[in-house]
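Student: Take this structure first; my questions come after.
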Amino acid sequence: MKVLFVASELFPYVKTGGLGDVMAALPRALRALGVDVRLLVPAYPAIRSAVVGEEVAAVLPDLMGGGPARLIRADAPGLPLYLLDQPGFFDRPGGPYGQPEDLPHRFAALSWAAAHLGRSGDLAGWQPDVIHGHDWHAGLMPAYVAYGSSPRPATVMTIHNIAYQGRFPAALLPDLGLPPRAFTPEGVEFHKDICYLKAGLRLADRITTVSPTYAGEIQHFGGHGLEGLLAHRAAELTGIINGVDGGVWNPARDPHLHSRFDSRHPGRRRPNRPDFQQRLGLAEDPDAPLFTAVSRLDPLKGLDLVLENVDHLVACGAQLAVIGTGDPHAEGAFAQAAKRHPGRVAVFLGYDEALAHRAFAASDVVLVPSRQEPCGLTQLYAQAYGALPLVRRTGGLADTVIGATPTTLADGTATGFVFDRANGWALGEAINQALALFRKPRAWRRVQRQGMDTNFSWEGPARAYLDLYASIPPNRG
Ligand code: ADP
Ligand code: GLC
């Protein structure tokens, strides 16, 4: 089976969040199962300069006014790529989503190129049976397939975050190379606008999202306006949980760590703590419970609930480290908190991959208080690295953390702490629960070991995607 992934991020070259991690891991996990997966991404300079090979795979027309375009075949380690080489759109500063004035054109071009490969194959004859688009950036791909000529590959859309939909004015339609008949509620129209994600969800053969709980939520209350469409397509919607890439996130082999460790040698975890405290400017207190958040600073991540608990954490003798970037208001508020509590609260306002690894290896608790979380990866990385996740019961957080209760502590299944209501008080209660367990080192270590020994490998999820591809009837005229 030949599958073409389409996305706008790929770790370690271009990553703004979990999408980049998933694009690096899932295609490789599918390839390990014998699926011929290739990934189409824009030829961002950071990708192009790092990968090997420069073979022209297709010469394309001027897509969406961005100038001459072509597809280049190149290889990341263990992952064949197609790069959409259209310098007018993709070879410029500002990151993948900077210079937003032609954002809709850029990602229409990406989707068009994917559909072209599905329809015509590349110059070497490779043609996908399935095109699998990720997030709104690839949302028009099923539209170009549906409104284009045959043969038509099967199409799958995965929602990594339904809050980002790619919604643009209807006046753009002529620029996008879609026929006027596409502009209906059965096509790309959404409340008189063009909505890329909605188009994909309406027209793809199958829809997936990144956890079973989120798959349910977005049909009922968390769909950002797309609940009705998703409920209508419930039979074609599946939730498949993300995994952890053991090649990148393994504390026994992680080059970023001061001291490597595994669940059989938890003592070796200890030296990571002073190293991290020093790096962030926290007091080198060996006993203070260390709470950390590694996150985009976005209202949906619920970090305002952490802000409400800063003084409480400090009063309880804990330390807090926040590694994040995003909303300037949140950045300012955390910077203020750090100023108020020198040595006890520290923030790193920026994006630093190595520092994130060190944070998971050094912390006692990783806070993920999201209002919504499609899957979430940091609670998985925390578990793999021996930090106990403290999460809100939503989306993938609900599916991947077993909250400590008298029952789960007694039977050894607990892997972290879970709270329900999205308010500062409820988070404070969960923090108190964590602090109480922290004072019982044996019970703590048991929860820690349970998390570290949980199998979050990509193999199971990859098999689920493979089954899904196989379930789509072939031959689609
Ligand atoms: P989302 O994709 O919504 O941002 P995830 O939990 O799925 O949430 O993925 C976030 C990814 O981004 C993780 O790999 C996490 O370690 C990383 N990350 C988030 N913020 C930072 C940061 N400031 N520095 C380094 N890594 C970060
Ligand atoms: C999105 C979601 C996050 C998920 C990631 C990878 O960015 O916000 O919950 O883990 O995609 O699927």
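The values are calculated or read from the model by the stated rules, or taken from the named source; none is laboratory data. A quick note: this is a predicted structure, and the numbers were derived from the prediction, not measured. So basically every Cβ, Gly included, is an ideal-geometry build from the backbone, and we count neighbours across all protein chains shown.
Student: In the range 20-31, how many are surrounded by 18 or more Cβ atoms within 10 Å (Cβ to Cβ) and either within 13 Å of ligand 2 (Cβ to nearest atom) or farther than 18 Å from Ile241 by Cβ (or both)?
Tutor: Of the range 20-31, the ones surrounded by 18 or more Cβ atoms within 10 Å (Cβ to Cβ) are 20-30.
Adding the requirement that they be either within 13 Å of ligand 2 (Cβ to nearest atom) or farther than 18 Å from Ile241 by Cβ (or both) leaves 20-26.
The total comes to 7.
Student: The conditions are (1) surrounded by fewer than 21 Cβ atoms within 10 Å (Cβ to Cβ); (2) over 25 Å from Arg421 (Cβ atoms), and Leu307 fails exactly one of them. Which is it?
Tutor: Here Leu307 meets the rest and fails (2).
Student: Against the condition within 16 Å of ligand 1 (Cβ to nearest atom), out of contact with any strand residue (DSSP E or B) (no Cβ under 7 Å at 6 or more places or on another chain) and of a type outside the set (Lys, Arg), how does His137 come out, does it pass? Break it down into steps so the answer makes sense when it comes.
Tutor: Working: within 16 Å of ligand 1 (Cβ to nearest atom): yes; out of contact with any strand residue (DSSP E or B) (no Cβ under 7 Å at 6 or more places or on another chain): yes; of a type outside the set (Lys, Arg): yes.
Judged against the criteria, His137 is a match.
Student: Just to be sure before I move on: is Gly95 assigned by TED's automatic domain parsing to the domain that holds Gln165 and farther than 25 Å from Asp36 by Cβ in the structure I sent? Step through it out loud before you land on a result.
Tutor: On the way: assigned by TED's automatic domain parsing to the domain that holds Gln165: yes; farther than 25 Å from Asp36 by Cβ: yes.
In short, yes.
Student: Now for a separate question. Specify the residue that is nearest to ligand 1 (Cβ to nearest atom); the eligible residues are those in the range 25-53 that are small (Gly, Ala, Ser) and touching a strand residue (DSSP E or B) at 6+ places or on another chain (Cβ under 6 Å).
Tutor: Step one: of the range 25-53, the residues small (Gly, Ala, Ser) are 25, 29, 32, 34, 43, 46, 49-50, 53.
Now drop any that are not touching a strand residue (DSSP E or B) at 6+ places or on another chain (Cβ under 6 Å), which leaves 43, 46, 53.
Working: Ala43: 23, Ala46: 16, Gly53: 27 Å.
It comes out as Ala46.
Student: Could you please find all residues in the range 427-457 being outside any helix (DSSP H, G or I) and basic (Lys, Arg)? Don't jump to the end; show me each part of the working.
Tutor: Initial filter on the range 427-457 (outside any helix (DSSP H, G or I)): 439-440, 454-457.
Of everything in the range 427-457, those that are outside any helix (DSSP H, G or I) and basic (Lys, Arg) turn out to be Arg439, Lys440.
Student: Only one residue in Gly281, Gly247, Gly239 is in contact with a strand residue (DSSP E or B) (Cβ under 6 Å, 6 or more places away or on another chain) and either within 19 Å of Glu353 (Cα to Cα) or surrounded by fewer than 16 Cβ atoms within 10 Å (Cβ to Cβ) (or both). Which one?
Tutor: Numbers: Gly247 fails: in contact with a strand residue (DSSP E or B) (Cβ under 6 Å, 6 or more places away or on another chain); Gly239 fails: either within 19 Å of Glu353 (Cα to Cα) or surrounded by fewer than 16 Cβ atoms within 10 Å (Cβ to Cβ) (or both).
Answer to the check: Gly281.
Student: All but one of (1) more than 20 Å from the chain's Cα centre (by Cα); (2) crowded, with 16+ Cβ neighbours inside 10 Å hold for Gln165; which doesn't?
Tutor: With (1) more than 20 Å from the chain's Cα centre (by Cα); (2) crowded, with 16+ Cβ neighbours inside 10 Å applied to Gln165, the lone miss is (1).
Student: I've got another one for you. Given the structure, is Gly34 of a type in the set (Gly, Ala, Ser), surrounded by fewer than 18 Cβ atoms within 10 Å (Cβ to Cβ) and under 17 Å from Ile131 (Cα atoms)?
Tutor: Numbers: of a type in the set (Gly, Ala, Ser): yes; surrounded by fewer than 18 Cβ atoms within 10 Å (Cβ to Cβ): yes; under 17 Å from Ile131 (Cα atoms): yes.
Yes: the conditions hold for Gly34.
Student: Pairs needed: first member in the range 353-371, farther than 14 Å from Gln383 by Cα and assigned by TED's automatic domain parsing to the domain that holds Phe291; second member anywhere, within 12 Å of ligand 1 (Cβ to nearest atom) and β-branched (Val, Ile, Thr); C-beta distance under 6 Å; at least 6 residues apart or different chains.
Tutor: Leu355/Ile323
Every residue, every condition in (1) away from ligand 2 (no atom under 16 Å from the Cβ); (2) of a type in the set (Val, Ile, Thr); (3) within 18 Å of Ile240 (Cα to Cα), yes or no:
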site: Lys2; (1), (2), (3): yes, no, no
site: Gly18; (1), (2), (3): no, no, yes
site: Arg38; (1), (2), (3): yes, no, no
site: Pro42; (1), (2), (3): yes, no, no
site: Ala46; (1), (2), (3): yes, no, no
site: Val52; (1), (2), (3): yes, yes, no
site: Ala58; (1), (2), (3): yes, no, no
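Student: How many residues are within 18 Å of Ala318 (Cβ to Cβ) and under 21 Å from the mean Cα position of the chain (by Cα) when one looks only at the range 246-294?
Tutor: Result for the range 246-294: 3.
Student: Sticking with this one: Pull up the range 175-195, narrow it to residues that are in a loop (DSSP other than H, G, I, E, B) and in contact with a strand residue (DSSP E or B) (Cβ under 8 Å, 6 or more places away or on another chain), then point me to the one that is surrounded by the most Cβ atoms within 10 Å (Cβ to Cβ).
Tutor: Of the range 175-195, the ones in a loop (DSSP other than H, G, I, E, B) are 177-179, 183-188, 191-192.
With in contact with a strand residue (DSSP E or B) (Cβ under 8 Å, 6 or more places away or on another chain) added as a condition, the list becomes 183, 188.
Values: Phe183: 16, Val188: 29.
Looking at the filtered set, the residue picked out is Val188.
Student: Let me ask something else. Is it the case that Ala443 is more than 30 Å from Leu30 (Cβ to Cβ) and either touching a Ser or Thr at 6+ places or on another chain (Cβ under 6 Å) or touching a residue at least 12 places away in the same chain (Cβ under 8 Å) (or both)? Don't jump to the end; show me each part of the working.
Tutor: Values: more than 30 Å from Leu30 (Cβ to Cβ): yes; either touching a Ser or Thr at 6+ places or on another chain (Cβ under 6 Å) or touching a residue at least 12 places away in the same chain (Cβ under 8 Å) (or both): yes.
For Ala443, the condition - more than 30 Å from Leu30 (Cβ to Cβ) and either touching a Ser or Thr at 6+ places or on another chain (Cβ under 6 Å) or touching a residue at least 12 places away in the same chain (Cβ under 8 Å) (or both) - is met.
Student: Here's another thing I want to ask about it. Condition first: aromatic (Phe, Trp, Tyr) and away from ligand 2 (no atom under 16 Å from the Cβ). Now tell me which residues in the range 338-355 satisfy that. Steps first, please.
Tutor: First, the residues of the range 338-355 that are aromatic (Phe, Trp, Tyr): 348, 351.
Selection gives Phe348 alone.
Student: Given the condition over 20 Å from Trp126 (Cα atoms) and in contact with a helix residue (DSSP H, G or I) (Cβ under 8 Å, 6 or more places away or on another chain), answer yes or no: does some residue in the range 53-62 qualify? Can you show your working first?
Tutor: Of the residues in the range 53-62, the ones over 20 Å from Trp126 (Cα atoms) are 62.
The next check asks that each one be in contact with a helix residue (DSSP H, G or I) (Cβ under 8 Å, 6 or more places away or on another chain); those that pass are none.
No, that holds for no residue.
Student: So, of the residues in the range 283-297 that are out of contact with any helix residue (DSSP H, G or I) (no Cβ under 8 Å at 6 or more places or on another chain) and part of a loop (DSSP other than H, G, I, E, B), which turns out to be nearest to ligand 1 (Cβ to nearest atom)? First the steps, then the outcome.
Tutor: Filtering the range 283-297 for residues out of contact with any helix residue (DSSP H, G or I) (no Cβ under 8 Å at 6 or more places or on another chain) gives 287-288, 296.
Subsequent filtering for residues that are part of a loop (DSSP other than H, G, I, E, B) retains 287-288.
On the way: Asp287: 26, Ala288: 22 Å.
That would be Ala288.
Student: Which of the residues that make up the range 13-27 are among the β-branched types (Val, Ile, Thr) and either assigned to a strand (DSSP E or B) or more than 13 Å from Asp135 (Cβ to Cβ) (or both)?
Tutor: Step one: of the range 13-27, the residues among the β-branched types (Val, Ile, Thr) are 14, 16, 22.
Selection gives Val14 alone.
Student: Residues being under 22 Å from the mean Cα position of the chain (by Cα) and surrounded by 15 or more Cβ atoms within 10 Å (Cβ to Cβ): count how many of those fall in the range 322-340. Step through it out loud before you land on a result.
Tutor: Residues of the range 322-340 that are under 22 Å from the mean Cα position of the chain (by Cα), as a first pass: 322-328, 330-331.
With surrounded by 15 or more Cβ atoms within 10 Å (Cβ to Cβ) added as a condition, the list becomes 322-327, 330-331.
Residues meeting the conditions: 8.
Student: Out of the residues in the range 128-153 that are at pLDDT 95 or above and out of contact with any helix residue (DSSP H, G or I) (no Cβ under 7 Å at 6 or more places or on another chain), which is surrounded by the fewest Cβ atoms within 10 Å (Cβ to Cβ)?
Tutor: Restricting to residues being at pLDDT 95 or above and out of contact with any helix residue (DSSP H, G or I) (no Cβ under 7 Å at 6 or more places or on another chain), the top hit is Asp129.
Student: Take the range 216-247 and flag every residue that is away from ligand 1 (no atom under 16 Å from the Cβ), in contact (Cβ under 8 Å) with a residue 12 or more places away in the chain and in a helix (DSSP H, G or I). Break it down into steps so the answer makes sense when it comes.
Tutor: First, the residues of the range 216-247 that are away from ligand 1 (no atom under 16 Å from the Cβ): 216, 219-221, 223, 225-238.
Imposing the further condition that a residue be in contact (Cβ under 8 Å) with a residue 12 or more places away in the chain reduces the set to 216, 219, 223, 225-226, 229-231, 233-234, 236-238.
Listed by number, the residues that qualify are Gly216, Gln219, Leu229, Leu230, Ala231, Ala234, Glu236.
Student: Out of all the residues in the range 1-12, which are part of a loop (DSSP other than H, G, I, E, B), hydrophobic (A, V, I, L, M, F, W, C), closer than 26 Å to Ile323 by Cα and out of contact with any His (no Cβ under 7 Å at 6 or more places or on another chain)?
Tutor: Within the range 1-12, Phe11 is the sole residue that qualifies.
Student: Among the residues of the range 44-102, count how many are in contact with a His (Cβ under 6 Å, 6 or more places away or on another chain) and among the aromatic types (Phe, Trp, Tyr).
Tutor: Looking only at that region, the number is 0.
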